[in-house]
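Report on the following structure.
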Amino acid sequence: MKECWKCKQMLQLVCFGRNGKSYICKPCEAARVRLHYDNVRKAREMEAVNDVVVTCHACMKPVRFSRLSKTGILKNKVCKPCKMKYDHHKRPHVAKMEQGECVICVTYGQSDCCSMPY
């Protein structure tokens, strides 16, 4: 028998998570998690209502402000997929030529690992 810290009931160890090592019973923990996810869902809904559509500076596509990268030198300027391309741009890649220049290097900066296609 063990006391739940939340509801103060004496319950068997089976009623607690992690083989009885938890201090909160399963129904109280489920209610806590449900409340947390409800708050997260409401925050996301409010963010979707108040979200501004901006243009990514790399791919020039309209994206929601919440989908922009939040870290690094390109913070709040490019979308998350373009940020990943920028982060991995220094790795070797095959040039995508357009008007005599590599489109990737023009967009994300010159790379030493840009190889010409055959």
Which of the lysines could be linked to LYS61 by a straight reach, that is with a Cα gap under 16 Å, when you skip same-chain ones fewer than 8 residues away? LYS77, LYS80, LYS83, LYS85
Here the percent of antiparallel bridges among DSSP beta bridges lying wholly in the chain, to the nearest 5, is 80 percent
Can you tell me, using C-alpha contacts under 8 Å and at least 6 residues apart, the relative contact order of the range 53-115 as a whole percent? 23 percent
Looking at the range 53-115 only, what percent of DSSP beta bridges run antiparallel? Nearest 5 please. 75 percent
On a 0 to 90 degree scale, rounded to 10, what angle separates helix 26-50 from the longest Cα axis of the chain? 30 degrees
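Any idea what the relative contact order of the chain is, in percent, if you count C-alpha pairs under 8 Å spaced at least 6 apart? Intermediate results must be reported in sequence, preceding the final value.
Details: 116 pairs, mean separation 14.0, N = 118.
Result for the chain is 12 percent.
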Dipole moment magnitude, nearest 20 debye, the chain about Cα centre, only Lys, Arg, Asp, Glu C-beta charged: 600 debye
Once the dipole of the chain is set up with Lys and Arg at +1 and Asp and Glu at -1 on Cβ about the Cα centre, which of CYS15, CYS79, HIS93 lies farthest towards its positive end? CYS15
Only Lys, Arg (+1) and Asp, Glu (-1) charged, at Cβ; the range 2-50 dipole about Cα centre in debye: 200 debye
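Using helices alone, what [θ] at 222 nm do you get for the chain, with -39,500 (n - 2.57) per DSSP H run of 4 or more residues, divided over all residues and rounded to the nearest 500?
Working: 4 runs with 43 residues, N = 118.
Helix contribution divided over all residues of the chain: -11000 deg cm²/dmol.
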List the trypsin sites (Lys or Arg not before Pro) in the range 40-118 that DSSP assigns to loop (not H, G, I, E or B) and whose Cβ has at most 11 other Cβ atoms within 10 Å. Which are they? LYS70, LYS75
What is the dipole size for the range 53-115, taken about its Cα centre, with +1 at each Lys and Arg Cβ and -1 at each Asp and Glu Cβ, in debye to the nearest 20? 480 debye
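With the Cα gyration tensor of the range 53-115 in hand, give its eigenvalues times 5 under a square root as the equivalent ellipsoid semi-axes, listed largest first in whole angstrom.
On the way: eigenvalues 107, 34, 11 Å².
Semi-axis lengths for the range 53-115 are 23, 13, 8 Å.
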In whole percents, the bins of 5 Å from zero upward hold the Cα-Cα pairs of the range 2-50 as 5, 22, 21, 14, 10, 9, 8, 6, 4, 1
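Where a number appears in this text, it was derived from the coordinates with a stated rule and is not lab data. Because the structure is predicted, anything quoted here is derived from the model rather than measured. Please note: Cβ atoms are built from the backbone with ideal geometry, for glycine as well, and neighbour counts cover all protein chains shown.
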